[in-house]
Structure formats: structure tokens, C-alpha cells
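The values are calculated or read from the model by the stated rules, or taken from the named source; none is laboratory data. The model shown is predicted, which means the values in this text are computed figures rather than measured ones. Here the Cβ positions follow ideal geometry from the backbone for every residue, glycine too, while neighbour counts run over all protein chains shown. In case anyone asks, the SASA skips ligands and DNA or RNA and just uses the protein heavy atoms, side chains included. Shrake-Rupley method; radii C 1.70, N 1.55, O 1.52, S 1.80 Å.
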Amino acid sequence: VEAVALMTLGKVLLGQSDLGAAARRLAEALRLQRALGTRRDSAETLDLCVQVCLAAGRVAEAVQLCGSLEALLQSLGVPAQSYLSEHKAAAAQAREHLGPAAYEAAWAKGRSLTWEQILDYAIVMLDG
């Protein structure tokens with residue numbers, strides 16, 4: 001329950017453009033989700049992390065998290081498009097910003113991570 005509350009608070013703070021506070025709450029949520037092993041809940045939190053990265057101009061990190069999110073959703077049997085479709089425009093801009101090779105490399109790197117590595121990466125990125 002606490003992890004969901006932190007994730008929800010992070011979402012509200014993101015909507016208010018308070019990226020620092022949103023990042024802190026989302027990192028706390030991910031730590032709890034990792035401790036509890038709640039992979040499905042962490043997918044929603046990671047989706048919000050992508051939004052924080054995009055809002056902060058951290059394009060490569062957002063792309064890597066999207067690759068990770070896609071892999072996590074597939075492992076859970078959840079259609080990735082239900083999450084990633086809202087990032088379509090941002091993905092096109094990211095590809096243009098990074099260039100196709102860097103974009104594909106970041107996406108592939110994200111897909112290669114284990115669930116624990118995904119959460120560790122997101123937490124470090126949010127804390128940094």
C-alpha cells in the first residue's frame with residue numbers, strides 16, 4: 001500500500017512539474033516494490049520514471065527505461081503497447097535527438113537488464 005501511495009504521489013508531483021520531488025517519491029516506491037517483489041506495480045512506476053526523464057530532458061535514460069519497461073511487460077504477459085503507446089511521439093523525438101544508432105543501443109541496453117538491474121538503474125537515475 002505504501003509503495004502505491006508513493007507512486008501516486010510521484011504522479012501528482014510530476015503533473016505539477018515538481019520533477020525533483022516526483023523523482024524522490026518514485027525512487028522510494030521502486031525501493032519498496034523491489035523489497036516486496038511487486039513486478040507488476042513496478043511497471044507503472046517505471047512508466048512514470050520515463051515521464052520524469054523526458055520532462056528533465058534526459059532522453060537516453062528515458063529510452064533505456066522504455067526498453068526495460070518493454071522487456072518487463074513482456075515477461076509479465078502484459079501487452080507493452082498499452083504502456084508505451086503514450087510515449088510514441090516522445091520516442092520519435094528521442095530517435096531524432098539521439099540518432100538511430102544511439103537510440104537502438106539505449107533501447108537494447110534497457111531490454112538486456114534483469115528486473116533488479118532495471119530498478120537499480122532507475123533508482124540511481126532518479127536519485128542523481
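General remarks:
- If you go through the range 71-93 and keep only what is at pLDDT 90 or above and either surrounded by 12 or more Cβ atoms within 10 Å (Cβ to Cβ) or assigned to a helix (DSSP H, G or I) (or both), you end up with ALA71, LEU72, LEU73, GLN74, SER75, LEU76.
- For the range 1-22, the set of residues classified as under 25 Å from SER75 (Cα atoms) and either touching a residue at least 60 places away in the same chain (Cβ under 8 Å) or β-branched (Val, Ile, Thr) (or both) consists of VAL1, VAL4, THR8, listed by residue number.
- Qualifying residue in the range 42-56 (condition: open to solvent by less than 40 Å² (accessible area, probe 1.4 Å) and either modelled with pLDDT under 90 or not in a helix (DSSP H, G or I) (or both)): no
- Residue list for the range 75-101, filter: among the hydrophobic types (A, V, I, L, M, F, W, C) and free of Cβ contacts under 8 Å to residues at least 24 places away in the same chain: ALA80, LEU84, ALA89, ALA92, ALA101
- In the set VAL59, VAL1, only one residue is hydrophobic (A, V, I, L, M, F, W, C), surrounded by fewer than 23 Cβ atoms within 10 Å (Cβ to Cβ) and out of contact with any helix residue (DSSP H, G or I) (no Cβ under 7 Å at 6 or more places or on another chain); that residue is VAL1.
Let's see how each residue does on (1) hydrophobic (A, V, I, L, M, F, W, C); (2) in contact (Cβ under 8 Å) with a residue 40 or more places away in the chain:
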position: SER42; (1), (2): no, yes
position: CYS49; (1), (2): yes, yes
position: VAL52; (1), (2): yes, yes
position: LEU65; (1), (2): yes, yes
position: LEU73; (1), (2): yes, no
